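Peer 1: Structure incoming, see below.
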Amino acid sequence: MNTHMYPATATTVPAPSWRRWSLLAAALVLASGGLLAAHFSFDGDTFQNCRYLGPSTRMYVTVWAAPACALTALLLLLALRRGARRRGQRPGAVWQGRVAMATVCVVPLLLLAQVAALYWVYEPDPAGGQDCSGLTLVRERAATLR
């Protein structure tokens, strides 16, 4: 008599749908890295004609979408691996599972860079409030000395 809740399947290789979903997790990690690179390429949006404009909308969108993609990829792969293990399958038996696992190993490093980028988007004007010169403090000190 079998007392297992989930009966063992005849094959240890995950189904083709599982393989497609695991490749989606890898694609989400790549998209997360691409969004982080795009965010840094939009860094020139903050200044125009030596005037601080603040971060652009596309900077905000990319800085929030990048960690969302990374976390979604991580949660998707964890759910897929758990479901495969529950059915008695080996996720590492196919190349799609190995590729997904390798790309998800990059997620902690990506998240660290993305959290730093998120912090930089919300930090105050680096020029000190007076356009590109950054001489606000010097002018204030000079005014108090007069």
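The values are calculated or read from the model by the stated rules, or taken from the named source; none is laboratory data. As the structure is a prediction and not an experimental result, all values here were calculated from the model. Backbone-built Cβ (ideal geometry, glycine too); neighbour counts: all protein chains shown. Side chains included, ligands, DNA and RNA excluded: accessible areas come from the protein's heavy atoms. Shrake-Rupley method; radii C 1.70, N 1.55, O 1.52, S 1.80 Å.
Peer 1: So is A100 in contact with a His (Cβ under 7 Å, 6 or more places away or on another chain) and either free of Cβ contacts under 8 Å to residues at least 12 places away in the same chain or surrounded by 14 or more Cβ atoms within 10 Å (Cβ to Cβ) (or both) or not?
Peer 2: So A100 fails the test.
Peer 1: Which condition breaks for L75 when tested against (1) open to solvent by 40 Å² or more (accessible area, probe 1.4 Å); (2) in contact with a His (Cβ under 8 Å, 6 or more places away or on another chain)?
Peer 2: Among (1) open to solvent by 40 Å² or more (accessible area, probe 1.4 Å); (2) in contact with a His (Cβ under 8 Å, 6 or more places away or on another chain), L75 violates only (2).
Peer 1: Within the range 23-47, take every residue that is closer than 14 Å to T57 by Cα and of a type in the set (G, A, S) and give me the one that is most open to solvent (accessible area, probe 1.4 Å).
Peer 2: S41
Peer 1: While we're on this one: Go through (1) among the hydrophobic types (A, V, I, L, M, F, W, C); (2) at pLDDT below 90; (3) assigned to a helix (DSSP H, G or I) and name the single condition V115 misses.
Peer 2: Only one criterion in (1) among the hydrophobic types (A, V, I, L, M, F, W, C); (2) at pLDDT below 90; (3) assigned to a helix (DSSP H, G or I) is unmet by V115, namely (2).
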